[in-house]
1. Within the range 227-234, identify whether any single residue is over 17 Å from G315 (Cα atoms) and surrounded by fewer than 19 Cβ atoms within 10 Å (Cβ to Cβ), and answer yes or no.
2. Under 7 Å by Cβ, and 6 or more places apart or on different chains, what pairs join a residue from the range 8-34 that is among the hydroxyl-bearing types (S, T, Y) with one that is in a helix (DSSP H, G or I)?
3. In the set L433, L417, which member is under 38 Å from the mean Cα position of the chain (by Cα), crowded, with 17+ Cβ neighbours inside 10 Å, modelled with pLDDT of 80 or more and in a helix (DSSP H, G or I)?
4. What's the number of the only condition in (1) without any contact (Cβ under 8 Å) to a residue 12 or more places away in the chain; (2) surrounded by 14 or more Cβ atoms within 10 Å (Cβ to Cβ); (3) farther than 17 Å from R159 by Cα that I275 fails to meet?
5. Which condition number in (1) closer than 30 Å to T289 by Cβ; (2) touching a Lys or Arg at 6+ places or on another chain (Cβ under 9 Å) is the one that F228 fails?
6. If a residue counts only when it is within 21 Å of the chain's Cα centre (by Cα) and in contact (Cβ under 8 Å) with a residue 40 or more places away in the chain, which helices (runs of 4 or more DSSP H) contained entirely in the range 307-405 have at least 3 such residues?
7. Report whether or not A340 is modelled with pLDDT under 95 and either assigned by TED's automatic domain parsing to the domain that holds G493 or crowded, with 18+ Cβ neighbours inside 10 Å (or both).
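The values are calculated or read from the model by the stated rules, or taken from the named source; none is laboratory data. Remember, it's a predicted structure, so these values are computed and weren't measured experimentally. We place every Cβ from the backbone using ideal geometry, glycine too, and count neighbours over all the protein chains shown.
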Amino acid sequence: MRRKEKTYYWIKPLAILITASLSVFFFNKFIDFYFHEELKQFFGGKIFSFDLGTILNSFGNMGEVVTSVLGIEITAVAIIVQLAANKYSSKIMELFITDTVNFVIVAIYVVAGVNTILLANTMTESHVQYFGIFVTLILLTSSIIIVIPHFTYVFNFLRPDNFLKQIVSETKAIIEKVAQTKRCNYKDKATLAEHIDFIGDVALNSYYQSDRAVTLLTLNTMREILDFYIPRKKDLPPKWFKLTGEESLDPDFADYSTFVMKKIESRKILLERKIFRLFEMIFIKSKATQRDIASGVLLNSRLIFEKAVEHGDAGTMWTVIQYFNSFLRASITSRDPRSAFNTLEHYRLMAEKLIDNYPEWLEKIYYFFKYYGQEANKYQVYFILETASHDLYAVTKLAYEKKIKNFSALLELFLTLDQPIEEDAETEHETSLIGVRIAQAKLAAFFIRKKEIEFAREIYKDMLVEPKSRIEKIKEIIFSTETNEFWEITPRGVNFYFVEKEDRDALKIFFDWFENKKS
């Protein structure tokens with residue numbers, strides 16, 4: 001054990017307890033010495049017995065009582081705390097021991113016991129220490145009374161929401177201190193990493209024990225830390241973002257190449273990558289077994305992205321996009337369409353947040369939707385490309401209404417989602433591509449209603465390669481869909497094939513173009 005650790009865990013508390021015990025004892029001696037007669041008149045015979053033997057016998061018994069109560073309390077509390085540490089993380093032990101309230105309560109037992117021993121062995125018939133007896137009785141009584149309240153405090157302390165709040169508070173204090181002083185050291189960064197590791201341990205252990213509420217709480221906690229951190233990054237000193245080399249020993253970064261670590265340093269995203277590494281682990285483990293936890297990962301990731309957009313943190317924005325791509329990849333390779341379906345919804349909401357201030361980023365998002373949609377088809381997870389097309393349909397409509405400068409580029413990307421297939425290929429693959437064409441036809445109807453005929457014609461020209469039978473099939477699917485609510489329970493609950501009443505007349509015009517071969 002290093003010298004600083006010895007001081008912190010052993011010498012410092014020992015010094016505090018010795019100092020407190022002796023200070024109380026000698027303060028009582030001082031009061032009794034200078035105000036002996038006054039105290040004798042006040043206490044003697046009225047409150048305390050004059051018989052020294054009775055007093056010493058009573059204090060001897062009380063000393064045994066307080067030490068017995070302390071032993072029972074320490075035993076019971078140690079068992080409770082150890083159970084919590086086994087369930088969540090061993091760091092709970094450290095949090096409990098260093099908690100001020102717990103230390104003060106144990107100190108009351110120690111001071112009461114020491115003063116009882118010292119008082120019983122220093123009192124004489126000629127000098128009864130009335131004030132010392134009075135103070136010691138208060139300490140002994142308090143040490144017995146606080147047993148039940150302390151147990152209540154311990155149980156409350158070990159609730160995950162409470163000890164996580166403490167960790168968040170300490171983490172925020174470190175960030176705030178560094179931001180204000182413009183100075184940081186290795187200890188601050190190491191402590192911050194330890195706090196994130198602790199939250200991650202609680203998250204993973206809770207997941208393995210199927211404790212969904214606590215797992216979701218940890219996800220919210222990590223997002224709360226980043227919500228506090230992102231607005232303050234601009235105030236942190238450059239040294240804060242420099243890698244010291246110790247990061248390579250961190251399990252979250254141990255398998256990263258030098259290239260990746262340099263990117264992390266240049267983009268100032270070390271803390272974000274550490275938290276999202278935990279998000280990724282939890283998502284991959286939970287996406288097929290505890291979907292609400294996986295949804296919690298997606299929701300908190302999106303909220304972090306929105307905070308980054310709000311504060312112009314490009315490094316964090318790109319990090320979230322990379323991890324959403326990883327979430328899609330994990331869902332596709334495990335042939336889990338529902339997880340990819342949920343991921344795309346949050347991805348779409350992220351894209352919508354970029355429209356006002358970062359429209360150029362949308363082209364990347366469109367490319368990724370297309371890429372992973374087509375990758376899903378390779379793995380025979382066909383519904384994903386269709387979902388991506390309907391999500392991009394919604395984004396494209398919003399981009400048009402916002403009049404963004406690169407709208408034409410987005411429309412062009414949207415029209416490249418589909419892949420040519422053989423006319424007689426009646427497969428799920430075809431169904432997926434028909435879904436893409438339905439989304440494109442719905443967008444054409446929107447443009448016709450908005451009197452943007454040129455945009456609608458671009459879609460029409462792109463769809464001319466389709467055989468007439470497929471156009472008729474698309475038309476039939478759309479006009480036979482009468483409700484916007486899907487008939488099964490799904491996270492989104494919407495029917496992709498439904499077209500609002502105001503767009504149906506425009507859609508008829510669009511399909512008439514194919515009948516008349518309008519160019």
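1. Taking the range 227-234 and keeping what is over 17 Å from G315 (Cα atoms), we get none.
No, every residue in the range 227-234 fails to be over 17 Å from G315 (Cα atoms) and surrounded by fewer than 19 Cβ atoms within 10 Å (Cβ to Cβ).
2. S21/V110; S21/V111; S21/V114; S21/N115
3. Values: L417 fails: in a helix (DSSP H, G or I).
Checking each option against the conditions leaves just L433.
4. Of the numbered conditions (1) without any contact (Cβ under 8 Å) to a residue 12 or more places away in the chain; (2) surrounded by 14 or more Cβ atoms within 10 Å (Cβ to Cβ); (3) farther than 17 Å from R159 by Cα, the odd one out for I275 is (1).
5. Going through (1) closer than 30 Å to T289 by Cβ; (2) touching a Lys or Arg at 6+ places or on another chain (Cβ under 9 Å) one by one, F228 breaks only (1).
6. Values: elements: 314-333, 337-354, 359-378, 383-401.
Correct list: 314-333, 337-354.
7. Values: modelled with pLDDT under 95: yes; either assigned by TED's automatic domain parsing to the domain that holds G493 or crowded, with 18+ Cβ neighbours inside 10 Å (or both): yes.
In short, yes.
One line per residue, one yes/no per condition, for (1) assigned by TED's automatic domain parsing to the domain that holds P251; (2) farther than 19 Å from D227 by Cα:
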residue	(1), (2)
Y153	no, yes
I167	yes, no
Q180	yes, no
A193	yes, no
D201	yes, yes
L204	yes, yes
Y208	yes, yes
R212	yes, yes
